[in-house]
């Protein structure tokens, strides 16, 4: 359901758009906030996982008897402890990823787990488990895995889209587009054809995965965990373990980042299986090494691009062939990359082909706008190269080709009102664009697109007898959603923000809420919160009308109170929300509003990024000097959080562009599973990232809100690459642009 | 009848047609019609698709109305992070 209330987007706001204090601020800065590892229970055991040391190996035998006999060990589980249920392929893959079956498919793949009275005993127990492996040939690189003679991870998993004769590691093929690309390229004055590569990068959330599970002999189970979606955890664990959803209650902790990496399960089914076997609560916490070895990074990619342009900057055709490896199981985000690659542009001839490839790496998980940043890196780099070759202003070239309202997108649908052109025009007039550059410095720009989602959402709004309001929602608060929901409820009810508190419910307390992903929460949960508040207002109006003895149509809600309205309403003093709440027991009982919806029809989002860098000609090291984000937010409910999303996406994108990569040895073992060697940007690596929020209202939301969480990571790979290429004087096509790589390119240019 | 654009790699399941016509007034009727008229689409429909209707993307809401002049585009299933 999409609420098309375009006229409402012109409304005046009193609370929305302000920068109120965040409700979780004090808890987080004082250490009171409870994250996944902060949960404990009486009689709790410690769970630990034994992981494969091989990239690809058949598990010939697994002997846990010595571990089980060790004093202090209460349970050992292997794949044999997971019921052999007929799951759909996606769930079966999640089960296999949580606990290996016949084969270990990557370095770090779980093969057994123990629950013991202490971490020391658990570690000792792991050392007593005997696993006989038959080591198999492995493949790490996406292009090597794409070759027909590559070592095969699976047999017979390719879907019907894959032609005969392909590598056994190709799982699916996607193709989008229209027109005649070759004819379009013929019309160009110049065609750029290049291959671009990006490394696998981890979401890099600060909080490792953690959970606490308990299950009674009656089958009732509770799970506390750090996740982006407690309902997803409930439904996935219940399916894998053969539980009934209603018997498993999942409570989400505070979350120290997710960025898509906590939209699936890793430890949770294992902890529940251990708790079921041990009959005691089991707590599991991953080390950082485990996080990097065994949870989802995003895909690495290899992308061939051909783009033609006339000398006045019109793109005549675009083509991209994208190969994404999504780790050991099907499901890389290549379809999304293929659809989003050319989404910012109005093209007559455009085609993308995407290949989903498996390798002996951890199963990829979603990462902020899954699949789009790599595709944007390739396309935006080629457009930049053509613009520079013709001596054209790269922003003007993008404006000349920009998609607008009514443009048929490269993925097929026609755009409603969108904000790409506004971001480009604002960037063009921003002081950053005109600022001078020094020696060895370069400036890059790039555009990005993301779909944004809505989905199943359920909100309950309850009014206490003193007029305070609780909003209960079911999405873990990653980016400030408790503040945003409280603000939208306060706005709709006409009361101060401080009068509203929003809490996150467990799975037994509220209906289904989809995962906090797809930039959906402020849009979908916000929509549901507004509608729940409207339901409560209708109920209060009904009661007051009855109290006054007039028709319901003769009252209106205004500024937090019910007022008489119309010629026949009579004279009555307005009744405030608090006054109505105080007499609720006398007028029909508690006052609440609810709203349940599958909030579809979320509006797409665009951004333009601009960055200045300086490249050290002696070392190849890149320093980011200045960065500005221009993005359409529809309506920024809490501008500080929106700015934080813009800055966070840019910071992660800078890391992806310059530093971050999974480095494997020849044996297929990850060489850098720690934050010392897998280097995410820290504050001292970055300038203050400037932001410009544009507000082109989304007609599908009562207040015009669009998702903002993901689009901001789409342009920075390309923007930074274009800046580094300009500074170094050589086109960089391979991420990350680490110092040795940049130095090597400069020396061979 | 509703005209539905089919993405490239699915067109082998629609006799290489980039656009097909389905008798449908809702999303459910559209998906059922596609599965009925083009059985080779069923594996992908079962894995999941998204549908853009007049520029807005829908995943699951069966009762979403579709008018004969709506722009309808079949998309790979959208998932976020």
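The values are calculated or read from the model by the stated rules, or taken from the named source; none is laboratory data. All figures in this text were calculated on a predicted structure; none of them were measured in a lab. For neighbour counting, all protein chains shown are included, and Cβ atoms are generated from backbone atoms with ideal geometry for every residue, glycine included.
Miscellaneous remarks
- Test: residue in the range B:67-74 that is surrounded by fewer than 21 Cβ atoms within 10 Å (Cβ to Cβ), within 10 Å of chain A (Cβ to nearest Cβ) and more than 28 Å from residue A:710 (Cβ to Cβ): no
- Residue that is nearest to residue A:527 (Cα to Cα) [pool: residues in the range A:618-650 that are part of a loop (DSSP other than H, G, I, E, B) and in contact with a helix residue (DSSP H, G or I) (Cβ under 6 Å, 6 or more places away or on another chain)]: A:637
- Residues of the range A:456-469 that turn out to be in a strand (DSSP E or B) and either buried (at least 24 other Cβ atoms within 10 Å of the Cβ) or away from chain B (no Cβ under 14 Å) (or both), as a count: 8
- The set of residues in the range B:4-26 that are touching a strand residue (DSSP E or B) at 6+ places or on another chain (Cβ under 6 Å) and within 12 Å of chain A (Cβ to nearest Cβ) comprises B:4, B:5, B:6, B:7, B:8, B:9, B:19.
- Subset tally (residues that are farther than 17 Å from residue A:325 by Cβ and assigned to a loop (DSSP other than H, G, I, E, B)) for the range A:162-177: 3
Residue-wise test of (1) surrounded by 18 or more Cβ atoms within 10 Å (Cβ to Cβ); (2) free of Cβ contacts under 8 Å to residues at least 60 places away in the same chain; (3) not in a helix (DSSP H, G or I).
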position: A:667; (1), (2), (3): no, no, yes
position: A:675; (1), (2), (3): no, no, yes
position: A:684; (1), (2), (3): no, yes, no
position: A:687; (1), (2), (3): no, no, yes
position: A:697; (1), (2), (3): yes, no, yes
position: A:702; (1), (2), (3): yes, no, yes
position: A:706; (1), (2), (3): yes, no, yes
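- In the range A:560-597, residue surrounded by the most Cβ atoms within 10 Å (Cβ to Cβ) [restricted to those that are at pLDDT 95 or above and at positive phi]: A:560
- Some residue of the range A:166-173 being without any contact (Cβ under 8 Å) to a residue 24 or more places away in the chain and within 14 Å of another protein chain (Cβ to nearest Cβ): yes
- Residue match in the range A:570-590 (condition: within 30 Å of residue A:691 (Cα to Cα), in contact with a helix residue (DSSP H, G or I) (Cβ under 8 Å, 6 or more places away or on another chain) and assigned to a strand (DSSP E or B)): no
- All strands (runs of 3 or more DSSP E) inside the range A:178-277 with 3 or more residues being surrounded by 24 or more Cβ atoms within 10 Å (Cβ to Cβ), within 14 Å of chain B (Cβ to nearest Cβ) and free of Cβ contacts under 8 Å to residues at least 40 places away in the same chain: none
- Subset of the range A:145-158 that is closer than 18 Å to residue A:364 by Cβ and in contact (Cβ under 8 Å) with a residue 24 or more places away in the chain - its residue that is surrounded by the fewest Cβ atoms within 10 Å (Cβ to Cβ): A:154
- Complete set of residues in the range B:21-50 that are buried (at least 17 other Cβ atoms within 10 Å of the Cβ), assigned to a strand (DSSP E or B) and either touching a helix residue (DSSP H, G or I) at 6+ places or on another chain (Cβ under 6 Å) or modelled with pLDDT of 95 or more (or both): B:22
- With respect to the conditions (1) more than 12 Å from residue A:318 (Cβ to Cβ); (2) within 14 Å of another protein chain (Cβ to nearest Cβ); (3) crowded, with 24+ Cβ neighbours inside 10 Å, residue A:398 falls short on a single one, namely (2).
- Test: residue in the range A:347-354 that is crowded, with 24+ Cβ neighbours inside 10 Å and away from chain B (no Cβ under 12 Å): yes
- Answer residue from the range B:45-64, given it is more than 8 Å from chain A (Cβ to nearest Cβ) and within 13 Å of the chain's Cα centre (by Cα) and is farthest from residue A:601 (Cα to Cα) among those: B:46
- Taken over the range A:60-88, the criterion of being surrounded by 13 or more Cβ atoms within 10 Å (Cβ to Cβ) and closer than 22 Å to residue A:263 by Cβ is satisfied by A:82, A:87.
- Residue in the range A:496-516 that is surrounded by fewer than 17 Cβ atoms within 10 Å (Cβ to Cβ) and in a helix (DSSP H, G or I) present: yes
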